[in-house]
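**Q** Take a look at the following structure, please.
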Amino acid sequence: MRVVVIGAGVVGAAVAAGLTRRGAQVTVLEARTPGSGTTSTSLAWVNANNKTPKEYFDLNHAAVWAHHQLPGDWFFPTGNLEVAVSDEHKELLEARVGRLAGMGYPVERVTAGRALALEPDLVPPPPGAECVFFPMEAHVQPLRLVGGLLGEARDAGAVVACGAEVTAIETSPSGVKVTAAGGRAFGADVVVTCTGRWTQGVAALAGAEVPMLDPAVSGAVTNGFLVTTAPVPARLSRVLHTGGLNLRPDGGGRLVLQSLPLDGRADPAVPVSGDVLDSIMALLPGVLRATDGATVERAVVGRRAMPGDGLTVAGFADAERRVYTVATHSGVTLAPLLLGEVAGELYGEESPLLAPFRPSRFAGGTAGPAPAPARRPGEQ
């Protein structure tokens, strides 16, 4: 089978690797450089922690396990520690813990002492704080994950073409023709679109309707700040969630920071303002010791790849089954699962996990209610 995969972010890289494992002849077309879209601005937290409805939770839960089965130096299976101090946060956390435990998701209530044993540089939680540890959760370094997956695909014969922005997709009973900028044409039996927040426009080239939230219009939902510090002498080995600040290690002593309450100010059209950076950095010493005087190395506005109803899209977008579309806000978490599930579907094996997420639900142009902005602890 000849397959063109459009997009070389974490989802496209995973799909390419999965298809080459099946023996497909794969060509990956990337408009920019691999991983340069949403993948490069992700907190990269591997989880099913606050994923609803049940079908979406099941999909992400299976993907967490898939990460543990995909060896690589990009994966850090150190769990996620959440510390709740305010009454509102504690109430939300308690409800989430009860729901997750009832669905068989690994979760442990821990004492403040146990939290400090897990993270010795954590600022000691005040009396009455609630601490919860999610041991199967993890984080990745996303560009290393993309490199590992694309490297596997290339080693198996895949061709990766960068600077290849797709301008046309033409289907016929015998196959599909994909044209890139400059007139380069690629023939295939099937095309898989993995273009993140550009999915709506790319799918439309094939006559398919896949509504995506536009970061320029729906910024309150799709956009968020992500700050990477310069190296600091603080110990942090896992994802850490608090009421005002989320963080994870990023190698070489760097930390990646996220403050959901500030994300309503995120605008991808303008640089991150100094007062936003000051607000985020001022939160850090209250969460992690040995971070006084930390400085910013990188600050970006991440743009989430968000389908119109907030849920993953996976399936054939045309009656002839020539155009398969994948779009998801959970790309980093789902990538190792999509690696096998999407390839299986192209080879005729329908995935029960993906069945609830077909693009056919958008028939008639209806996208359903848009998701609410992620502002509370445990959300993304």
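**Q** When you look at residue 189, is it among the charged types (D, E, K, R), more than 29 Å from residue 138 (Cβ to Cβ), at pLDDT below 95 and out of contact with any Phe, Trp or Tyr (no Cβ under 8 Å at 6 or more places or on another chain), yes or no?
**A** no
**Q** Against the conditions (1) in a loop (DSSP other than H, G, I, E, B); (2) out of contact with any Cys (no Cβ under 9 Å at 6 or more places or on another chain); (3) free of Cβ contacts under 8 Å to residues at least 60 places away in the same chain; (4) not small (Gly, Ala, Ser), where does residue 94 fall short? Just the number, please.
**A** Condition not satisfied by residue 94: (1).
**Q** Given the structure, is residue 308 open to solvent by 10 Å² or more (accessible area, probe 1.4 Å) and more than 25 Å from residue 77 (Cα to Cα)?
**A** no
**Q** Open to solvent by 20 Å² or more (accessible area, probe 1.4 Å) and assigned to a loop (DSSP other than H, G, I, E, B), is that true of residue 231?
**A** yes
**Q** Among (1) assigned to a helix (DSSP H, G or I); (2) touching a residue at least 24 places away in the same chain (Cβ under 8 Å), where does residue 116 come up short?
**A** Against the list (1) assigned to a helix (DSSP H, G or I); (2) touching a residue at least 24 places away in the same chain (Cβ under 8 Å), residue 116 comes up short only on (2).
**Q** Identify, from the list 264, 243, 302, 286, the residue that is within 22 Å of residue 10 (Cα to Cα) and in contact (Cβ under 8 Å) with a residue 40 or more places away in the chain.
**A** On inspection, the qualifying residue turns out to be 302.
**Q** Still on this structure: Considering region 238-249 alone, what residues qualify as being open to solvent by 30 Å² or more (accessible area, probe 1.4 Å) and over 21 Å from residue 263 (Cα atoms)?
**A** Answer for region 238-249, where residues must be open to solvent by 30 Å² or more (accessible area, probe 1.4 Å) and over 21 Å from residue 263 (Cα atoms): there is none.
**Q** Another question, if that's okay. Restricting the first residue to region 44-65 and requiring it to be open to solvent by 20 Å² or more (accessible area, probe 1.4 Å), which pairs with a second residue that is among the polar types (S, T, N, Q) meet a Cβ separation below 9 Å and a spacing of at least six or different chains?
**A** Every condition considered, the pairs that remain are 50/380; 51/60; 51/330; 51/333.
**Q** From the list 112, 158, which one is at pLDDT 95 or above, touching a helix residue (DSSP H, G or I) at 6+ places or on another chain (Cβ under 9 Å) and surrounded by 17 or more Cβ atoms within 10 Å (Cβ to Cβ)?
**A** Within the list 112, 158, the selection yields 158.
**Q** Suppose we filter region 119-155 for residues that are out of contact with any Ser or Thr (no Cβ under 7 Å at 6 or more places or on another chain), part of a helix (DSSP H, G or I), surrounded by 16 or more Cβ atoms within 10 Å (Cβ to Cβ) and not charged (D, E, K, R); how many remain?
**A** The total comes to 5.
**Q** Are any of the residues in region 23-33 touching a Phe, Trp or Tyr at 6+ places or on another chain (Cβ under 9 Å) and closer than 29 Å to residue 272 by Cβ?
**A** There is at least one residue in region 23-33 that is touching a Phe, Trp or Tyr at 6+ places or on another chain (Cβ under 9 Å) and closer than 29 Å to residue 272 by Cβ.
**Q** Does residue 80 fit the bill of being over 30 Å from residue 166 (Cβ atoms), open to solvent by 40 Å² or more (accessible area, probe 1.4 Å) and touching an Asp or Glu at 6+ places or on another chain (Cβ under 6 Å)?
**A** Considered against the rule, which asks whether it is over 30 Å from residue 166 (Cβ atoms), open to solvent by 40 Å² or more (accessible area, probe 1.4 Å) and touching an Asp or Glu at 6+ places or on another chain (Cβ under 6 Å), residue 80 comes out as no.
**Q** Moving on. Determine which single condition residue 23 fails, assuming it passes every other condition in (1) under 27 Å from residue 110 (Cα atoms); (2) open to solvent by 10 Å² or more (accessible area, probe 1.4 Å); (3) at pLDDT 95 or above; (4) in a loop (DSSP other than H, G, I, E, B).
**A** Single failed check for residue 23: (1).
**Q** Of all residues in region 97-109 being in contact (Cβ under 8 Å) with a residue 40 or more places away in the chain and among the hydrophobic types (A, V, I, L, M, F, W, C), which is least open to solvent (accessible area, probe 1.4 Å)?
**A** 100
**Q** Just the residues that are within 19 Å of residue 141 (Cβ to Cβ) and open to solvent by 10 Å² or more (accessible area, probe 1.4 Å), please, taken from region 10-20.
**A** The one that is within 19 Å of residue 141 (Cβ to Cβ) and open to solvent by 10 Å² or more (accessible area, probe 1.4 Å): 11.
The values are calculated or read from the model by the stated rules, or taken from the named source; none is laboratory data. For clarity, every value in this text was computed on a predicted model and none was experimentally measured. Note: ideal-geometry Cβ built from the backbone for every residue, glycine included; neighbour counts use all protein chains shown. The protein model used for the area step is the full one, side chains on, heavy atoms only, and it has no ligands, DNA or RNA in it. Shrake-Rupley method; radii C 1.70, N 1.55, O 1.52, S 1.80 Å.
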